[in-house]
Amino acid sequence: MSIRKSIALSIIICLLPILVFADEGKGILEKVDALASYTDSDFAAQYTIVEEKKNGDRQKTVSLVFRRDAQSMYTIVIKEPEISQGQGYLKVENSLWFYDPDSRRFNFSSAKDRFQNTNARNSDFTKSTLAEDYKVVAIEDEALGRYQCRKLTLEAVTDEVAYPKMIIWVDENYLLRKSEDYSLSGRLLRVSAFPSYTQIDGRYVPSRFLLQEVLSKEKTQISISRVSFNDIPNSTFSKQFLENVSR
Amino acid sequence: MQLQRTISLSWNYFRRYVNRYIFLIIALSLGFSIITVMTGLSAGMTDSVYSAARNHYGGDYFILGYDGDHSKRSRTTDPDVIDSALKSLSIDFERIVKRVNYFSNGYLYHEGNSVRMKNVLGIDWTNEPDTLGSLHIVSGSLDDLNTEDSIIISEVVSQELQAQAGDEVILQGDTLSGQKNTAAFKVAAVFRDTTVFGYFKCFIPITAQQSLLAYGEDEFSSYGLYLNEPLSASQITALHTALSSSLIVEKPISTRTAFNQSKKGRWDGIRYLMLNLGTYVSEVDDLLSAMTIISYFLYIMIIFIILVSINITYRVIIKERTGEIGTLRSIGMQRNDLVSLLLFECLWVFILSLVLGGILAAVILFILSLFSWSGIPGFEIFLKSGKLTAVFEGKTLFMNVLLLLGITMPAVMFPSIRGARMNLTKALSGED
């Protein structure tokens, strides 16, 4: 065997595991996305966000979420607290709008922005796009409590996502159980845990998930209730809808 | 010689009748002191606002870039174009200050405590001695600032974070594309700034800010010019023309409303704005203008009171001196000379009142400066280290003196003329 062939073979042997788990990783991410997204029907639910501040204060935000993942559209209407009642978000095409009924104006927002000044991001309410936004750079097996998980280290392939680095734990059913979100400099910023899912109409919906901001040590619990996969009128995904519900 | 004699005689009469003028002197002194205090404080407050704003925004005139492709982030990517445009014009500037500023999306953390910052200013330590020198340092020191991880935080931030000089804090921000990024800093010093600019503010090295926000080495958010003389309209036009040849530059902006308006809508690439410090503080300027209008309303009230007081007092004085006026007329003094004599007497009253009013104003301002006024909500911006300070401009003082002279002389003129024209027989008999 010539030296050139030996070098080429060595490179292939070295790259093979990377290519294999990159491919395997992408497959896992696609399955995770598929379970967390509802592209075959509309989705509606009530999200209750309870934030626990460091000083012991609790802040509750209740919102109605309407999603049409097949078209990457969603509408969110704030029900509580009273001061924010009628505010809302509308995502159509590539634009995310925030509506304020006091000023009756729509302003541009970003999926990366905080949701209603809570520790949740606007992106926490939308369909999962992990396979699109990240590449897998490492995979290992790790037990997470009673779940045997695959631990995937992810790096963003686009700068459009809020967290450039993530580590996620996926169980045997490809349900996301935990994620760690890192800053560009590699500092751990947020830990999310998904302890329980409920099955509705054959689809998995997290009944609650927990977020912990590592730097501020604030904890947030998001509960999902009143889930429906029935068709949602097209008019729900419009600015007029947000204007009407706030009246 | 006649004038000298009249002045000398008026001085003698003034000294003799000074007791009769006491009420007039008190009224004029009070009026002058009030006007002096009000104009001095008004100028002092304006100076405080501009001085604080100058250090906060980093200059007197600004060239700002807004990146339409990155959420309209404040970003200039053409330093060579701007530098060469500035060099080509005969602008008398002290220095150029380039900063990378980050506003309401910066968060500082320390041991679980967090503060949402309003101003994270990335500055070049060596190029901004005035900015650093103007800080009222309450703990730590500015002696060992480094270009990597030194941070200077305001006292409010220090209290919220419970972080002291020497502690490590984490700054979180969003890169140009919106990704989360963090950097660790060591608190070098804590400064006290009770103005509206000082709350939730910190200074970090410009290179650290560029790295945090993923800006290039030659990318800044603002160009500030420290000017020796304000830019003239023709200089602004020339600068606009020079920049417009290579960059997209909006027409020079002069109001806050226009500034806010210019950032609305959508655009591609970087759009540049030109504005002066007054535009940034135009809302405060409006408040100062309103205060000035109120001051002038009070001036008018005071002037009216003084005018009436002088007129009444002087008529009484003239009436009391009717017999004496008759005597002077009977020994040959002409009516015009008599009017001049009476007016010169008033001039002495006026000069004495100015001196006493000036002293009274100084005492009032000294007393006012002893107290801290920072407890009044929203008033901090007008104070220097929590205290009211007065600024006296020659032009304003001259106008105040002229104004008072302008109301005193007409007020005494008419009773004087009337007294001098009095029928000699009646005057000698002491009748009015």
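Of all residues in segment A:151-160, one or more are surrounded by 14 or more Cβ atoms within 10 Å (Cβ to Cβ), hydroxyl-bearing (Ser, Thr, Tyr) and within 30 Å of B:Ser114 (Cα to Cα). Scanning segment A:192-232 for residues that are more than 10 Å from chain B (Cβ to nearest Cβ), free of Cβ contacts under 8 Å to residues at least 60 places away in the same chain and of a type in the set (A, V, I, L, M, F, W, C) yields A:Ala193, A:Phe194, A:Ile200, A:Phe209, A:Leu210.
Among the residues making up segment B:384-428, those that are farther than 24 Å from B:Leu24 by Cα, modelled with pLDDT under 80 and open to solvent by less than 70 Å² (accessible area, probe 1.4 Å) are B:Gly386, B:Leu424. Answer with yes or no whether A:Phe108 is surrounded by fewer than 18 Cβ atoms within 10 Å (Cβ to Cβ) and in a strand (DSSP E or B). Answer is yes for this residue. Within segment B:80-96, the set of residues being in contact (Cβ under 8 Å) with a residue 60 or more places away in the chain and open to solvent by less than 60 Å² (accessible area, probe 1.4 Å) comprises B:Val81, B:Ile82, B:Ala85, B:Leu86, B:Leu89, B:Ile91, B:Phe93, B:Arg95, B:Ile96. Restricting segment B:121-138 to residues that are in a strand (DSSP E or B) and crowded, with 21+ Cβ neighbours inside 10 Å, the residue that is nearest to the other protein chains (Cβ to nearest Cβ) is B:Gly122. Please work out if B:Lys118 is open to solvent by 10 Å² or more (accessible area, probe 1.4 Å), away from chain A (no Cβ under 14 Å) and more than 17 Å from B:Leu64 (Cα to Cα). Answer is yes for this residue. Residues in segment B:245-256 that are open to solvent by 50 Å² or more (accessible area, probe 1.4 Å) and either part of a loop (DSSP other than H, G, I, E, B) or modelled with pLDDT under 85 (or both): 8 in all. Kindly indicate the residue of segment A:172-191 that is in a strand (DSSP E or B) and more than 30 Å from B:Tyr215 (Cβ to Cβ) and also farthest from the other protein chains (Cβ to nearest Cβ) among those meeting that condition. Out of the qualifying residues, it is A:Arg177.
Within segment B:97-115, residues that are within 11 Å of another protein chain (Cβ to nearest Cβ) reach partners that are aromatic (Phe, Trp, Tyr) and not in a strand (DSSP E or B) with beta carbons closer than 7 Å, at six or more positions or on different chains, in the pairs B:Val115/B:Phe200.
Taken over segment B:97-115, the criterion of being open to solvent by 40 Å² or more (accessible area, probe 1.4 Å) and either modelled with pLDDT of 90 or more or part of a strand (DSSP E or B) (or both) is satisfied by B:Lys98, B:Glu111, B:Ser114.
Across segment B:99-114, the number of residues qualifying as under 31 Å from the mean Cα position of the chain (by Cα) and not charged (D, E, K, R) comes to 7.
No other residue among B:Leu342, B:Leu360 is within 17 Å of B:Val401 (Cβ to Cβ) and in a helix (DSSP H, G or I) apart from B:Leu360.
Look at segment B:209-235 and say how many of its residues are part of a helix (DSSP H, G or I), touching a residue at least 60 places away in the same chain (Cβ under 8 Å) and surrounded by fewer than 21 Cβ atoms within 10 Å (Cβ to Cβ). Count: 2.
Taken over segment A:144-171, the criterion of being part of a strand (DSSP E or B), of a type in the set (A, V, I, L, M, F, W, C) and either more than 10 Å from chain B (Cβ to nearest Cβ) or at positive phi (or both) is satisfied by A:Leu144, A:Cys149, A:Leu152, A:Leu154, A:Met166, A:Ile167, A:Ile168, A:Trp169, A:Val170.
Among residues of segment A:29-44 that are within 18 Å of A:Leu152 (Cβ to Cβ), those with a Cβ under 6 angstrom from a residue that is among the β-branched types (Val, Ile, Thr) and buried (at least 18 other Cβ atoms within 10 Å of the Cβ), sequence gap 6+ or separate chain, pair up as A:Val32/A:Val170.
Inspect all residues belonging to segment B:194-204 and state whether any of them is open to solvent by less than 10 Å² (accessible area, probe 1.4 Å), within 14 Å of chain A (Cβ to nearest Cβ), among the aliphatic types (A, V, I, L, M) and in contact (Cβ under 8 Å) with a residue 24 or more places away in the chain. The answer is no; no qualifying residue exists. Among residues of segment A:100-122 that are at positive phi, those with a Cβ under 7 angstrom from a residue that is at pLDDT 80 or above and not in a loop (DSSP other than H, G, I, E, B), sequence gap 6+ or separate chain, pair up as A:Gln116/A:Thr61; A:Gln116/A:Ile78; A:Gln116/A:Ser84. Taken over segment A:41-95, residues that are in a helix (DSSP H, G or I), open to solvent by 40 Å² or more (accessible area, probe 1.4 Å) and closer than 22 Å to A:Asn234 by Cα amount to 2.
In this structure, does A:Asn117 turn out to be within 11 Å of chain B (Cβ to nearest Cβ), within 29 Å of A:Arg58 (Cβ to Cβ) and in a strand (DSSP E or B)? So A:Asn117 does not fit the description; no. Residues B:Leu275, B:Leu298: which one is of a type outside the set (Phe, Trp, Tyr) and not in a helix (DSSP H, G or I)? Only one candidate qualifies: B:Leu275.
For segment B:40-69, give me each residue that is assigned to a helix (DSSP H, G or I), open to solvent by 20 Å² or more (accessible area, probe 1.4 Å) and among the hydroxyl-bearing types (Ser, Thr, Tyr). Those that are assigned to a helix (DSSP H, G or I), open to solvent by 20 Å² or more (accessible area, probe 1.4 Å) and among the hydroxyl-bearing types (Ser, Thr, Tyr): B:Ser42, B:Thr46, B:Tyr50, B:Ser51, B:Tyr57. Mind checking which residues of segment B:140-183 are away from chain A (no Cβ under 14 Å), open to solvent by less than 20 Å² (accessible area, probe 1.4 Å) and not aliphatic (A, V, I, L, M)? Those that are away from chain A (no Cβ under 14 Å), open to solvent by less than 20 Å² (accessible area, probe 1.4 Å) and not aliphatic (A, V, I, L, M): B:Ser150, B:Ser154, B:Ser158.
The values are calculated or read from the model by the stated rules, or taken from the named source; none is laboratory data. Because the structure is a prediction, the values reported are computed rather than measured. Neighbour counts run over all protein chains shown; Cβ positions are idealised from the backbone, glycine included. Heavy atoms of the whole protein, side chains included, go into the accessibility calculation; ligands, DNA and RNA do not. Shrake-Rupley method; radii C 1.70, N 1.55, O 1.52, S 1.80 Å.
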